[in-house]
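In what follows, a structure is listed as structure tokens, so that the remarks can point back to it.
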Amino acid sequence: MTVTRGRSYYVLMASRWKHDRPMSRAEFAQRFPDEAACARHLFQRRWPIGFVCPACGGVRGWELSGKRFTWECAGCGRQTSVTAGTVMHGSKLPLTAWFTAIHLLSSHSNGISALQLQAQLGLRSYKSAWLLLHKLRRAMVDPDRLPLAELVEVDESEIPYRTKDDPPAGGQGRSHVGKLLIIGAVELSAEHRPGRIRLDRLQDFSAASIAGFIGGAVAPGATIVSDGLQAYRSLKQHKHQRKVVGSMAAHIVLPWIHRVFANLKRWGLGTFHGMRQAHLRRYLDEFVFRWNRRRHTRAAFDTLVGLTTRLGHASYRDFVDQRI
């Protein structure tokens with residue numbers, strides 16, 4: 001975010017918070033005081049038009065009085081908990097802990113670290129807080145999201161990664177040693193204002209790696225604005241607007257994607273004191289989720305609750321072994 005100290009900056013920010021203030025802690029506590037309230041809301045997000053059996057697709061069923069938050073299908077007799085088949089499936093944490101974590105993660109502009117979440121939820125184990133956050137980060141990618149379109153700024157960057165010894169590592173100058181290669185894209189409006197973004201990790205700066213990212217993130221026929229790197233010339237399904245950096249600073253030529261990179265690096269150092277190599281993709285997904293909803297912070301909570309119902313269970317080993 002550009003830090004402009006003029007009066008217009010503060011007027012703009014005040015207007016934004018006036019019309020899109022995230023849910024306060026007091027309001028959250030009033031809406032979700034107990035497990036039952038959380039279960040009702042999760043039910044509505046999972047089955048907005050009523051219960052649907054995941055086994056046979058039947059729409060007739062009833063809630064069981066002997067099993068908490070569980071419905072039985074009238075057609076096949078299958079019993080389904082409100083959390084079954086979701087990100088929360090099999091979790092020993094109460095729904096109130098999940099909902100509090102979702103609220104903190106979606107409403108704080110800088111997110112929250114596992115250590116902070118452990119303290120907020122009063123968890124004994126750091127591992128539980130870490131796993132909870134990674135499960136939510138995994139759900140932050142909408143499977144139905146549309147690719148970026150029209151005019152799209154694209155560029156690459158490098159960030160140092162955090163090692164087991166804690167300090168971020170990194171080689172000097174253009175060396176890739178100790179650095180993570182990333183690529184990003186920003187969708188621009190007709191007035192050249194930034195819209196949605198995409199971020200991903202790169203194996204290298206080759207044409208194949210860059211084309212793979214653009215093929216998944218940018219709609220065919222869109223115009224790619226780049227710094228003229230040779231790799232972009234091989235794109236076949238996209239138009240290419242080449243801006244040679246030369247002696248000019250790159251952020252002048254491609255202002256919005258460089259603002260994204262700057263915010264990402266500042267966030268990574270400030271919140272996590274550097275990102276770890278193994279889980280970079282999850283952190284990028286979290287940053288993209290928050291950026292794309294920066295003008296809709298109030299709706300972000302319900303969006304993330306809904307997304308948790310569209311993914312199945314993942315274990316601690318799944319994340320550690322990079323199976324997902």
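Being of a type outside the set (Asp, Glu), in contact with a strand residue (DSSP E or B) (Cβ under 9 Å, 6 or more places away or on another chain) and on the phi < 0 side of the Ramachandran plot: is that true of TRP291 here? So TRP291 fits the description; yes. Total residues in the stretch 307-319 satisfying the condition of being surrounded by fewer than 17 Cβ atoms within 10 Å (Cβ to Cβ) and touching a residue at least 24 places away in the same chain (Cβ under 8 Å): the figure is 4.
Let's see how each residue does on (1) outside any helix (DSSP H, G or I); (2) at pLDDT 95 or above:
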residue	(1), (2)
LEU12	no, no
SER15	no, no
LYS18	no, no
MET23	yes, no
GLN30	no, yes
CYS38	no, yes
VAL59	yes, yes
SER65	yes, no
VAL87	yes, yes
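Results for (1) β-branched (Val, Ile, Thr); (2) within 22 Å of VAL288 (Cβ to Cβ); (3) out of contact with any Cys (no Cβ under 7 Å at 6 or more places or on another chain); (4) not in a loop (DSSP other than H, G, I, E, B), shown as yes or no for each residue.
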position	(1), (2), (3), (4)
VAL52	yes, no, yes, no
LEU117	no, yes, yes, yes
SER128	no, no, yes, yes
LEU146	no, yes, yes, no
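If I ask for residues that are in a loop (DSSP other than H, G, I, E, B) and in contact (Cβ under 8 Å) with a residue 60 or more places away in the chain, which ones from the stretch 40-50 would you list? Within the stretch 40-50, no residue meets the criteria.
Among the residues of the stretch 280-304, the ones that are over 12 Å from MET140 (Cβ atoms) and either among the β-branched types (Val, Ile, Thr) or surrounded by fewer than 18 Cβ atoms within 10 Å (Cβ to Cβ) (or both) come to 7 in all. When you scan the stretch 219-240, do you find a residue that is closer than 27 Å to THR86 by Cα, at pLDDT 90 or above and not in a strand (DSSP E or B), even just one? Within the stretch 219-240, not a single residue is closer than 27 Å to THR86 by Cα, at pLDDT 90 or above and not in a strand (DSSP E or B).
Residues that are surrounded by 13 or more Cβ atoms within 10 Å (Cβ to Cβ) and of a type outside the set (A, V, I, L, M) within the stretch 221-236 comprise THR223, SER226, ASP227, GLY228, TYR232, listed in sequence order. Applying the condition of being touching a strand residue (DSSP E or B) at 6+ places or on another chain (Cβ under 6 Å) and outside any strand (DSSP E or B) to the stretch 148-171 and asking which residue is modelled with the lowest pLDDT yields GLY170.
Within the stretch 296-313, the residues that satisfy the criterion of being in a loop (DSSP other than H, G, I, E, B), within 16 Å of VAL87 (Cβ to Cβ) and out of contact with any helix residue (DSSP H, G or I) (no Cβ under 6 Å at 6 or more places or on another chain) are ARG310, LEU311, GLY312, HIS313. A Cβ distance below 9 Å, combined with a sequence gap of six or more or placement on separate chains, defines the contacts here; from the stretch 108-136, residues that are over 21 Å from MET23 (Cβ atoms) reach residues that are charged (D, E, K, R) in the pairs ALA114/LYS127; GLN118/ARG124; SER128/LYS92; HIS134/ARG282.
The values are calculated or read from the model by the stated rules, or taken from the named source; none is laboratory data. Quantities reported herein were computed from a predicted structural model and do not represent experimental measurements. In this analysis, Cβ positions are derived from the backbone assuming ideal geometry, glycine residues included, and neighbour counts consider all displayed protein chains.
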